[in-house]
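J.: Structure in structure tokens, see below.
The values are calculated or read from the model by the stated rules, or taken from the named source; none is laboratory data. Just so it is clear, the model here is predicted, and its values are computed rather than measured. Don't worry about glycine lacking a Cβ; one is built from the backbone with ideal geometry, like all the others, and counts go over all protein chains shown.
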Amino acid sequence: MAKRIFSTLLLWGTILGGLYLFGAHAAIVMLTLLTALTLHEFYGMTAKMGARPFHWMGVFIAALMVGAPYYISYFTGERDVGGIPTLLLIAALIISCYRVLGERDTSNRVETIASTVGGLLFIPFMLQFLSAILMRDADSGDNLALCLWLIAVSKFCDVGALLTGLAFGKHKMCPTISPKKTWEGAVGGVLISAGLGATIAFFASARLPEAMTPLIAALIAVPLAITTIVSDLIESAIKRRADTKDTGALIPGIGGAFDLTDSLILTSPLAFFIFEFLQ
């Protein structure tokens, strides 16, 4: 637990320091790096399941999916949401179909295509919605603050669920997937996310969209927190299927990059559409 707390504080310090010095550029660089590392770990786990994804091609395309739309928008002023990532996803599918004919045999061609493209859809295509939030219209508030709000609400749901579960947890949520998770912990995580979301909205009202009052922020945080729990369970299911305890050893006490991004994979697109509705 001490390692986890220390690593969490160090991570938040690094993130906030980078954002203070370099703004959204630091956010995109960190997101691109974490996305590429997450897909790298995902492909490693699918390999343990018997699939043979086109590993490095996928990691390269993942980095483009997240970083390219933002910088194209930055230099040209053209806002792209989903267009470039969708084209890259289609390109990955076509290239994979070509490559399997010469580089894989009949025993794993289907698995290679499914794991390569499925990983790109599940991880970078979903996480690129964080880039899309950064590219929202400037009149809708400070987009960087909006991303930080989302990350805080998502990650502190994990923390809240862990602490509440340790204190009050009795009823197992999904014992076959994640034996330590309880319904009491889940409720605690959702409540802490809602409270934190409202608190940030109150103190940072000047940087968030005008429509995002503390009450609205708390209401938005609830479905995001629930989705965070589902996203975390999906990562646990993947690890269990791959017979892997940790996705990596990148961060002491926490694990790999996947353990950092897991809660954002499903919440990022959901948050994007909610924020678009609020605009």
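J.: Hey, among the residues in region 172-183 that are crowded, with 18+ Cβ neighbours inside 10 Å and of a type outside the set (A, V, I, L, M, F, W, C), which one's farthest from the chain's Cα centre (by Cα)?
T.: Looking at the filtered set, the residue picked out is T182.
A quick yes/no check of all residues on (1) more than 24 Å from S263 (Cβ to Cβ); (2) at pLDDT 90 or above; (3) among the hydrophobic types (A, V, I, L, M, F, W, C); (4) not in a loop (DSSP other than H, G, I, E, B):
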{"site": "L10", "(1), (2), (3), (4)": "no, no, yes, yes"}
{"site": "T46", "(1), (2), (3), (4)": "no, yes, no, yes"}
{"site": "R52", "(1), (2), (3), (4)": "yes, yes, no, no"}
{"site": "L93", "(1), (2), (3), (4)": "yes, yes, yes, yes"}
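J.: Considering only residues that are farther than 19 Å from H25 by Cα and among the small types (G, A, S), look in region 117-137 and name the one that is surrounded by the fewest Cβ atoms within 10 Å (Cβ to Cβ).
T.: Looking at the filtered set, the residue picked out is G118.
J.: Filter region 93-116 for residues that are crowded, with 23+ Cβ neighbours inside 10 Å and either under 25 Å from T228 (Cβ atoms) or among the aromatic types (F, W, Y) (or both) and give the result.
T.: Scanning region 93-116 gives a single hit, S115.
J.: Same structure again: Kindly establish whether V190 is under 15 Å from D158 (Cβ atoms) and either modelled with pLDDT of 90 or more or surrounded by fewer than 20 Cβ atoms within 10 Å (Cβ to Cβ) (or both).
T.: yes
J.: Something else now. Could you list all residues from region 210-239 that are more than 15 Å from the chain's Cα centre (by Cα), surrounded by fewer than 20 Cβ atoms within 10 Å (Cβ to Cβ) and not aliphatic (A, V, I, L, M)?
T.: Those that are more than 15 Å from the chain's Cα centre (by Cα), surrounded by fewer than 20 Cβ atoms within 10 Å (Cβ to Cβ) and not aliphatic (A, V, I, L, M): E210, T213, P214, P223.
Conditions tested, residue by residue: (1) farther than 18 Å from F122 by Cα; (2) touching a residue at least 40 places away in the same chain (Cβ under 8 Å).
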residue: L16; (1), (2): yes, no
residue: F22; (1), (2): yes, no
residue: A27; (1), (2): yes, yes
residue: H40; (1), (2): no, yes
residue: I61; (1), (2): no, yes
residue: T86; (1), (2): no, no
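J.: Here's a follow-up. Which condition from (1) within 16 Å of the chain's Cα centre (by Cα); (2) at pLDDT 95 or above is the one that G67 breaks?
T.: (2)
J.: On to the next question. Can you confirm whether region 246-260 contains a residue that is surrounded by 18 or more Cβ atoms within 10 Å (Cβ to Cβ), part of a helix (DSSP H, G or I) and out of contact with any strand residue (DSSP E or B) (no Cβ under 9 Å at 6 or more places or on another chain)?
T.: yes
J.: Sticking with this one: Pairs, please: C-beta under 6 Å, at least 6 apart or cross-chain, first residue on the phi > 0 side of the Ramachandran plot and in contact (Cβ under 8 Å) with a residue 24 or more places away in the chain and in region 152-172, second among the β-branched types (V, I, T) and buried (at least 18 other Cβ atoms within 10 Å of the Cβ)?
T.: Between residues of region 152-172 that are on the phi > 0 side of the Ramachandran plot and in contact (Cβ under 8 Å) with a residue 24 or more places away in the chain and residues that are among the β-branched types (V, I, T) and buried (at least 18 other Cβ atoms within 10 Å of the Cβ), there is no close pair.
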